[in-house]
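A.B. asks: Have a look at this one.
The values are calculated or read from the model by the stated rules, or taken from the named source; none is laboratory data. Quantities reported herein were computed from a predicted structural model and do not represent experimental measurements. All Cβ positions, even for glycine, are placed from backbone atoms using ideal geometry, and neighbour counts span all protein chains on display.
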Amino acid sequence: MLDQLKCLIEYQKIEDKKNRLVRSSEETPRRVAELEKEFELFEGEYLSKKEEHDVAKKAHKALEQEMEDLRGRLARQKTRQGEVKTNKEYQAVQKEMDDTKKEISKTEDSALELMESIEALGRELEGLEKEVAGKKAALDADKAVLEQENSGLKSRLERLETIRQRVRERVTPELLKKTDFLLQKQAGIAVSAVENGVCQICHMNIPPQKFIELQKDEEIMQCPHCHRFLYWPGHEGYCVLSEDLDSI
Ligand SMILES: [Zn+2]
């Protein structure tokens, strides 16, 4: 078994695990943002209903003021009616008073109608308020779980990084340089198994003579197509890791 090749295989497994953990940790902010957006959407509905409620209450107050003004007008008209001299003038003021009364009654109807919708909105808001509070509590709890998961991921990544550095130190600088180059150029995969003469990453056939050489396990070889380092899993030593990655 070639010790350097074994290190490379191990290094690849560490890279795979690292990439998986990094991807998971990158998911967290996205999921948090999703949950927050969902909550804001619901809260937005509640806030616009609340705004509607406030506007209606203001309108009702304006109507009440209007009624007060009209009643004042009616009182003044009544006083004036007591002071008129002729029957004609009396009739004219009476007409004005009838108009004012009609206006008062119309305004009262509108105020009553508005009050009914204010009360209905108020009841609806009460329910929504409870729902918003419930959803906010759920959001905070979900966020706490996600953040805890994420800090777990971070510490796993730190532990993995220690192992990664340790394995890097065991690889010769020349091989390490080639490996880093392959990792960068070949989608994060620098090492591939060969099974039945086929590179398991690029799925191309290795020439039979090369496959025989690979099985002899005498030198580190690269795939003639994708240039990744090759190993044959038939050598069981290559399938056993010296570092314990499962515990991370
Ligand atoms: Zn290949």
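A.B. asks: Which is touching a residue at least 40 places away in the same chain (Cβ under 8 Å) and within 30 Å of S105 (Cα to Cα), of E64, E36?
C.D. replies: Unique residue meeting the criteria: E64.
A.B. asks: Sticking with this one: Give the stretch 211-248 a look and list any residue that's outside any loop (DSSP other than H, G, I, E, B) and either at pLDDT 95 or above or within 15 Å of G197 (Cβ to Cβ) (or both), or say none.
C.D. replies: To start, the set of residues in the stretch 211-248 that are outside any loop (DSSP other than H, G, I, E, B) comprises 211-216, 221-222, 229-231, 236-239.
Scanning the stretch 211-248 gives F211, I212, E213, L214, Q215, K216, M221, Q222, F229, L230, Y231.
A.B. asks: Out of curiosity, is L160 surrounded by 12 or more Cβ atoms within 10 Å (Cβ to Cβ), in the same structural domain as V32 (by TED's automatic domain parsing) and either farther than 19 Å from R23 by Cα or away from the ligand (no atom under 16 Å from the Cβ) (or both)?
C.D. replies: yes
A.B. asks: It is to be established whether one or more residues within the stretch 108-120 are over 30 Å from L70 (Cα atoms) and surrounded by 14 or more Cβ atoms within 10 Å (Cβ to Cβ).
C.D. replies: No, the stretch 108-120 contains no residue that is over 30 Å from L70 (Cα atoms) and surrounded by 14 or more Cβ atoms within 10 Å (Cβ to Cβ).
A.B. asks: Further question: Name the residues in the stretch 180-216 that are out of contact with any Leu (no Cβ under 6 Å at 6 or more places or on another chain), touching a residue at least 40 places away in the same chain (Cβ under 8 Å) and at negative phi, would you?
C.D. replies: If the condition is that a residue be out of contact with any Leu (no Cβ under 6 Å at 6 or more places or on another chain), touching a residue at least 40 places away in the same chain (Cβ under 8 Å) and at negative phi, then L182, L183, Q186, I189, A193 are the ones that fit.
A.B. asks: Across the stretch 184-207, what is the total count of residues that are closer than 11 Å to F229 by Cα, assigned to a loop (DSSP other than H, G, I, E, B) and near the ligand (Cβ under 10 Å from one of its atoms)?
C.D. replies: Going through the stretch 184-207 one residue at a time, the tally reaches 2.
A.B. asks: Pairs please, first residue from the stretch 84-98 and in the same structural domain as L74 (by TED's automatic domain parsing) and touching a residue at least 40 places away in the same chain (Cβ under 8 Å), second anywhere and surrounded by 13 or more Cβ atoms within 10 Å (Cβ to Cβ) and not charged (D, E, K, R), Cβ atoms under 9 Å, 6+ apart in sequence or on different chains.
C.D. replies: From residues that are in the same structural domain as L74 (by TED's automatic domain parsing) and touching a residue at least 40 places away in the same chain (Cβ under 8 Å), there are no pairs.
A.B. asks: If you don't mind, there's one more thing I want to ask. If you go through the stretch 196-220, how many residues are farther than 18 Å from E10 by Cα and acidic (D, E)?
C.D. replies: Total meeting the criteria: 2.
A.B. asks: Go through the stretch 211-226 and report how many residues are of a type outside the set (A, V, I, L, M) and under 15 Å from L5 (Cβ atoms).
C.D. replies: Of the residues in the stretch 211-226, the ones of a type outside the set (A, V, I, L, M) are 211, 213, 215-219, 222-226.
Filter once more, so that each one left must be under 15 Å from L5 (Cβ atoms): 213, 215-219, 222-223.
Number of matching residues: 8.
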